[in-house]
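Notes follow once the structure below has been shown.
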Amino acid sequence: MINPGTNMHAEEIDTDLDSDLDNEKEVKKSAFDVDVDEEQETALLASLSDNLLMEGEEDDLNLDDVENILELQDTNFPKFTLAKNKARFLRMVSWYRGKEEWIEVAPLSGVTKLFKTQTKELEGIRSSKLDYEMELETGTLTPSQRSYRRDELKMCKVQEKMAVHLISKLQVKIKSGRR
């Protein structure tokens, strides 16, 4: 037999939950529901278009002329076709900047370990870079595949430059630590 008092308690809880959910719906808005004035939207789209390449467009930054990508201003960063590659690039820059700062205070064992992993990773980066270069030279890719491969090739070049720079800093730390 069911206790009627318990059943009433469950109904009260159910009603409370319903009212809480209704209140929550009022409070929470999705990113698409937010009111944005037209000037803000235009400025946002303009800033995104400055950081991304349109199909067939080329980046005017020559990576060979850049000694240390981490010292570039945000406005001078390489441009990518896809926003996800731009985001990936920014995460990579953040990671390498963090590691550069970490080197100053890191123990020699940690520096040596990072040196080994970065050296191994550099081999993989260079291998991927060669693969993308060869794919682009074949001329059998669709335009969207070409732009994607160019983005990936640029990412490999950027990552190679940052890894080489980090490895050289790690070498200096290792040599100075062993004296």
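The values are calculated or read from the model by the stated rules, or taken from the named source; none is laboratory data. Since we're looking at a predicted model, the values are computed, not measured. Cβ: placed from backbone, ideal geometry, glycine included. Neighbour counts: every protein chain shown. The protein model used for the area step is the full one, side chains on, heavy atoms only, and it has no ligands, DNA or RNA in it. Shrake-Rupley method; radii C 1.70, N 1.55, O 1.52, S 1.80 Å.
Measuring only protein heavy atoms, the 1.4 Å probe finds Arg126 accessible over about 110 Å².
Once the C-beta distance of Tyr148 and Trp102 is scaled by a Förster radius of 30 Å, the resulting FRET efficiency is 0.35 to the nearest 0.05.
Packing, as the average of other Cβ atoms within 10 Å across residues, places the peptides 157-167, 130-140 in the order 157-167, 130-140, highest first. With protein chains left intact and a 1.4 Å probe, residues in the stretch 133-179 average 58 Å² of accessible area per residue. Under the simplified labelling scheme, the Lys169-Thr112 pair shows an inter-label distance of 2.1 nm, with each label point 7 Å from Cα along Cα→Cβ. Rolling a 1.4 Å probe over the protein chains gives Ser94 an accessible area of about 70 Å². Measuring between alpha carbons in the structure, the pairs from Lys79/Lys175; Lys84/Lys175; Lys99/Lys157; Lys84/Lys161; Lys113/Lys161; Lys79/Lys113 lying more than 30 angstrom apart are Lys79/Lys175; Lys84/Lys175; Lys79/Lys113.
Once you reduce the stretch 158-172 and the stretch 73-138 to the center of their Cα atoms, the two points are 9 Å from each other.
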